[in-house]
Structures are given as structure tokens and as C-alpha cells.
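Report on the structure given below.
The values are calculated or read from the model by the stated rules, or taken from the named source; none is laboratory data. All values derive from a computational prediction rather than experimental measurement. So basically every Cβ, Gly included, is an ideal-geometry build from the backbone, and we count neighbours across all protein chains shown.
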Amino acid sequence: MSETDFATFDAKTSADRTVMHVLYGMHTIAWASLGTLAVIALIVNYIKRADEHDAVYAAHHGYMIATFWWTIFWLLLTSPLYLLLIFPGVVAHAIVGFWYLYRCIKGWLRFDAGRPPR
């Protein structure tokens, strides 16, 4: 079995940290763009996660990806509530939106502290 030379991996730079902050910011304000920023950030998350060697950064990319897909799942699951009356659907989607915002802010704060998202 070959040994991995961890000295060949590049250390994290301030640019890497800035990219993560921008991605968290895009996910957090995605509601203002009707989700377009979240989709763009999701694509970047997938690209960056594939090349990531730092466990904390990889965990945060995975956390943002999971948050996005769980949000889509819950939005689709609660969409039929609009058929009953408008109000239950609005309430359900507002709850999902607050949950998404909570996850983004929680992950962002944990990343800023240098901790894994969970």
C-alpha cells in the first residue's frame, strides 16, 4: 500500500476561506434571487468538494449541499398544502425557509470559528 505524502497538499489560504464565506453568503441570501444564488453556490460546492483535502472544508461543502437538497425535498413535500388553502402552504414554506436560514447561519458561524458544521 502506498503512503500519502500530506506535505504535498496545499495549505488553506485566505482565498479559500473567502470562497467559503461567499458560498455561505450566497446560500443565505438565496431567497432574494428566488433560489438562483443557491443553485450557483450548489454547483460551486460540488466542484470545490471534489478537490477538497481539508476535512473541515469538505464537511462544510457537504453540509451546504445537504441543506440545499433537504430544503428542496421539504418544499416539494409541503407544496400540496396549497391545494387545501393558501395559508397552510405559506406557513409550511415559511417554516422551511426559516429552517434553511437557520442551517446557513449555523454552518457559517461554525465555519468562521474553524469548526465542522455538526
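Scanning the stretch 17-41 for residues that are part of a helix (DSSP H, G or I), over 12 Å from PHE111 (Cβ atoms) and among the aliphatic types (A, V, I, L, M) turns up MET26, ALA30, ALA32, LEU37, ALA38, VAL39, ILE40, ALA41.
So that you can scan it fast, the table gives a plain yes or no per residue for (1) under 19 Å from ALA30 (Cα atoms); (2) touching a helix residue (DSSP H, G or I) at 6+ places or on another chain (Cβ under 6 Å); (3) surrounded by 12 or more Cβ atoms within 10 Å (Cβ to Cβ):
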position	(1), (2), (3)
ILE43	yes, no, no
VAL56	no, no, yes
HIS60	yes, yes, yes
THR67	yes, yes, yes
PHE73	yes, no, no
LEU83	no, no, no
GLY97	yes, no, yes
GLY107	yes, yes, yes
GLY114	no, no, no
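Any residue at all in the stretch 106-118 that's within 13 Å of the chain's Cα centre (by Cα), among the aromatic types (Phe, Trp, Tyr) and in a helix (DSSP H, G or I)? Yes, the stretch 106-118 contains a residue that is within 13 Å of the chain's Cα centre (by Cα), among the aromatic types (Phe, Trp, Tyr) and in a helix (DSSP H, G or I).
Within the stretch 85-95, work out how many residues are surrounded by fewer than 16 Cβ atoms within 10 Å (Cβ to Cβ) and either touching a strand residue (DSSP E or B) at 6+ places or on another chain (Cβ under 6 Å) or over 19 Å from SER33 (Cα atoms) (or both).
Just the residues of the stretch 85-95 that are surrounded by fewer than 16 Cβ atoms within 10 Å (Cβ to Cβ), to begin with: 85-88, 90-91, 94-95.
The next check asks that each one be either touching a strand residue (DSSP E or B) at 6+ places or on another chain (Cβ under 6 Å) or over 19 Å from SER33 (Cα atoms) (or both); those that pass are 85-88, 91.
Count: 5.
Taking residues in the stretch 82-109 that are in contact (Cβ under 8 Å) with a residue 40 or more places away in the chain, and partners anywhere that are outside any helix (DSSP H, G or I) and surrounded by 16 or more Cβ atoms within 10 Å (Cβ to Cβ), the pairs with Cβ atoms closer than 8 Å and at least 6 places apart or on different chains are GLY107/PRO117.
Applying the criterion of being within 19 Å of ALA94 (Cα to Cα) and modelled with pLDDT of 95 or more to the residues of the stretch 34-63, the residue that is farthest from the chain's Cα centre (by Cα) is THR36. Taken over the stretch 42-60, the residue count meeting the criterion of being in contact (Cβ under 8 Å) with a residue 24 or more places away in the chain and under 14 Å from GLY107 (Cα atoms) is 4.
In the stretch 64-83, which residues are within 15 Å of ALA94 (Cα to Cα), under 11 Å from the mean Cα position of the chain (by Cα) and β-branched (Val, Ile, Thr)?
First, the residues of the stretch 64-83 that are within 15 Å of ALA94 (Cα to Cα): 70-82.
Okay, now just the ones that are also under 11 Å from the mean Cα position of the chain (by Cα), so 70-71.
Hit for the stretch 64-83 is THR71, nothing else.
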